[in-house]
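Undergrad: Have a look at the structure that comes next, please.
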């Protein structure tokens with residue numbers, strides 16, 4: 001009887017320690033094999049085309065190209081590659097963005113080893129796996145009324161928008177919310193997209209006009 005081939009897995013994360021930890025985790029399971037690693041979305045697209053892994057574990061907030069954009073680019077070229085978003089974030093917009101881009105699963109990085117292994121196997125078999133928080137985010141988004149600008153802003157985006165209205169720069173917002181600058185850049189980009197504007201100034205104008213943030217001093 002022919003031995004079943006292991007599932008070929010590629011890791012994409014901008015943190016070396018995360019990739020090392022995931023690589024060690026994969027070695028524990030005989031049916032999973034690490035075939036490649038990338039530190040940003042652009043590198044992931046190039047490597048995926050070259051290596052043709054079965055499943056990719058994809059971080060979402062990364063420099064150069066974010067995980068959703070990389071997922072979309074990879075899936076457009078290779079429908080046979082399944083992608084599981086593996087991130088620290090559970091904001092509605094990230095969940096929707098990843099799934100709309102073609103990810104088959106969405107898990108948080110605090111997931112257990114066995115659960116992650118099962119998610120990889122499910123993805124390989126074409127079955128989706130969603131963290132409870134991700135499923136809740138989709139339910140929440142589906143109930144939002146689409147009748148005014150900013151209806152689909154997440155709580156974190158409203159927080160960022162409020163600081164934009166107060167005149168804070170991206171680095172200042174990152175320091176205040178204790179997150180990375182790339183994370184804030186992602187949120188600001190998402191805010192501009194959802195408000196259908198092209199600049200921070202326009203975003204502030206819409207926020208004040210539509211009363212999307214609390215009254216400023």
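The values are calculated or read from the model by the stated rules, or taken from the named source; none is laboratory data. Keep in mind that this is a model prediction, so the values were computed, not measured. Every residue, glycine as well, gets a Cβ built from its backbone with ideal geometry; the counts of neighbours run over all protein chains shown.
Undergrad: Let me spell it out: the conditions are (1) closer than 18 Å to residue 131 by Cβ; (2) modelled with pLDDT of 95 or more, and residue 68 meets all of them except one. Which number is the exception?
TA: Every condition holds for residue 68 apart from (2).
Undergrad: Turning to a different aspect of this structure: May I ask you to verify whether residue 119 is in a helix (DSSP H, G or I), without any contact (Cβ under 8 Å) to a residue 60 or more places away in the chain and more than 17 Å from residue 83 (Cα to Cα)? Spell out how you get there, then give the answer.
TA: On the way: in a helix (DSSP H, G or I): yes; without any contact (Cβ under 8 Å) to a residue 60 or more places away in the chain: yes; more than 17 Å from residue 83 (Cα to Cα): no.
For residue 119, the condition - in a helix (DSSP H, G or I), without any contact (Cβ under 8 Å) to a residue 60 or more places away in the chain and more than 17 Å from residue 83 (Cα to Cα) - is not met.
Undergrad: Assigned to a strand (DSSP E or B), in contact (Cβ under 8 Å) with a residue 24 or more places away in the chain, over 30 Å from residue 158 (Cα atoms) and touching a strand residue (DSSP E or B) at 6+ places or on another chain (Cβ under 7 Å), is that true of residue 84?
TA: Details: assigned to a strand (DSSP E or B): yes; in contact (Cβ under 8 Å) with a residue 24 or more places away in the chain: yes; over 30 Å from residue 158 (Cα atoms): no; touching a strand residue (DSSP E or B) at 6+ places or on another chain (Cβ under 7 Å): yes.
So residue 84 fails the test.
Undergrad: Restrict the check to segment 53-64 and report whether at least one residue is in the same structural domain as residue 126 (by TED's automatic domain parsing), farther than 23 Å from residue 138 by Cβ and touching a strand residue (DSSP E or B) at 6+ places or on another chain (Cβ under 9 Å). If you could, list the steps in order and put the result at the bottom.
TA: Filtering segment 53-64 down to residues in the same structural domain as residue 126 (by TED's automatic domain parsing) leaves 53-64.
Among the residues that remain, those that are also farther than 23 Å from residue 138 by Cβ are: 53-54, 63-64.
Right, trim to touching a strand residue (DSSP E or B) at 6+ places or on another chain (Cβ under 9 Å) and you get 53-54.
Yes.
Undergrad: Does residue 37 satisfy being more than 17 Å from residue 87 (Cα to Cα) and either surrounded by fewer than 20 Cβ atoms within 10 Å (Cβ to Cβ) or more than 23 Å from the chain's Cα centre (by Cα) (or both)? Give the derivation first.
TA: Working: more than 17 Å from residue 87 (Cα to Cα): no; either surrounded by fewer than 20 Cβ atoms within 10 Å (Cβ to Cβ) or more than 23 Å from the chain's Cα centre (by Cα) (or both): yes.
The answer is no for residue 37.
Undergrad: Of the conditions (1) under 26 Å from residue 184 (Cα atoms); (2) buried (at least 20 other Cβ atoms within 10 Å of the Cβ); (3) in contact (Cβ under 8 Å) with a residue 60 or more places away in the chain, residue 67 satisfies every one except a single condition; which number is it?
TA: Unmet condition: (3).
Undergrad: What pairs come up if the first residue lies in segment 156-179 and is touching a residue at least 40 places away in the same chain (Cβ under 8 Å), the second is surrounded by fewer than 18 Cβ atoms within 10 Å (Cβ to Cβ) and part of a helix (DSSP H, G or I), and their beta carbons are under 6 Å apart, counting only those six or more places apart or on different chains?
TA: 164/200
Undergrad: Give the residue that is surrounded by the most Cβ atoms within 10 Å (Cβ to Cβ), with candidates limited to residues of segment 71-103 that are modelled with pLDDT of 90 or more and farther than 19 Å from residue 129 by Cβ.
TA: Taking the candidates together, the pick is 73.
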